[in-house]
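Since the structure comes first, as structure tokens, the remarks are kept for the end.
Each value in this text was obtained by applying a stated rule to the coordinates, not by laboratory testing. The shown structure was predicted, so the numbers you read here are calculated from the model rather than taken from an experiment. We place every Cβ from the backbone using ideal geometry, glycine too, and count neighbours over all the protein chains shown.
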Amino acid sequence: DVKVTQSSRYLVKRTGEKVFLECVQDMDHENMFWYRQDPGLGLRLIYFSYDVKMKEKGDIPEGYSVSREKKERFSLILESASTNQTSMYLCASSLRGGNTEAFFGQGTRLTVV
Amino acid sequence: AQSVTQLGSHVSVSEGALVLLRCNYSSSVPPYLFWYVQYPNQGLQLLLKYTTGATLVKGINGFEAEFKKSETSFHLTKPSAHMSDAAEYFCAVRGVNAGNNRKLIWGLGTSLAVNP
């Protein structure tokens, strides 16, 4: 079974802190994604990576950065956490082909206080 | 721009009743289409996908969806709802343009409630 593992299920951080969300996949997928999910807004893409050290901005990259130093690991960084970044964060991975599905982690519910 | 529309943000059915969740998409070329389910406080899980071939696609947990090109639709159905089907359901289409062909374009989701 494909496994996408996010490092934390629940996280509470203070305003201004630098926050790292980690994601690891074990299926040698080329593509990895970070989404945030908010009620009524669906899934919004923050960043994605299609290869090691390669990244592209998604729809809402402001306030976030990413790192992909190894193929299996994709990190999301909140440079200075703010309360409006309180959300559910979902990591996903997929093979390169267009007909392939994305596999998701369990999500990290981040609360910034 | 490509888009996915899920009609009805909330759908409520009785246990044993037909489940119908609607999804319409826009795409200039034959699309790859996906349905995902999300149970409370969980990640998303693939229910089924359409890539090529048979337009009626069967998925897990008794769900199926039919690709109708003329209607640009990919509605999700299940003949008889179970209490365990209560969840959020998302429809997605693969991007086809140079800028988005690595990404999925998502609908906003439909929350399904199943009443006893």
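Miscellaneous remarks
- Each 10 Å bin, from zero up to the one with the longest distance, holds this percent of the alpha carbon pairs of the protein assembly as shown: 8, 33, 35, 19, 5, 0.
- Relative contact order of the stretch B:57-116, pairs being alpha-carbon contacts under 8 Å that are 6 or more residues apart, as %: 27
- Long-range amide H partners of B:Glu15 with built H, under 5 Å: B:Asn115
- Mean Cα-pair separation over length for the stretch B:2-67, i.e. relative contact order, pairs under 8 Å, 6 or more apart, %: 21
- Remark: chain A carries a charge dipole of roughly 300 debye about the Cα centre, counting +1 on each Lys and Arg Cβ and -1 on each Asp and Glu Cβ.
- Set A:Lys71/B:Lys68; A:Lys13/B:Lys58; A:Lys57/B:Lys78; A:Lys13/A:Lys57; A:Lys18/B:Lys49 screened for pairs whose C-alpha atoms are more than 32 Å apart: A:Lys71/B:Lys68; A:Lys13/B:Lys58; A:Lys57/B:Lys78; A:Lys18/B:Lys49
- Applied to the stretch B:36-51, the Karplus parametrisation 6.51 cos²θ - 1.76 cosθ + 1.60 on θ = phi - 60° returns per-residue 3J(HN,Hα) values of 10, 10, 10, 7, x, 6, 10, x, 8, 10, 5, 8, 6, 8, 10, 10 Hz, with x for Gly and Pro.
- Only Cα pairs under 8 Å and 6+ residues apart enter the sum, and on that basis the relative contact order of the stretch A:1-46 stands at 33 percent.
- Scoring A:59-72, B:100-113 by mean Cβ neighbours within 10 Å over their residues and listing the highest first yields B:100-113, A:59-72.
- Dipole axis of chain A (+1 Lys, Arg; -1 Asp, Glu on Cβ), positive-most option in A:Val113, A:Phe48, A:Val19: A:Val113
- Those GluC sites (Glu not before Pro) in the stretch B:35-116 that DSSP places in a loop and that have at most 15 other beta carbons within 10 Å: B:Glu71
- Convex hull volume of the C-alpha atoms in chain A, normalised per residue: 97 Å³.
- About the centre of its Cα atoms, chain B shows a dipole size close to 420 debye [charges on the beta carbon of Lys, Arg (+1) and Asp, Glu (-1) only; nearest 20 debye].
- Inverse mean reciprocal Cα-Cα distance (Kirkwood Rh) of chain B, Å: 14.3
- For peptide A:39-45, the mean count of partner chain Cβ atoms within 10 Å of a residue's Cβ comes to 5.
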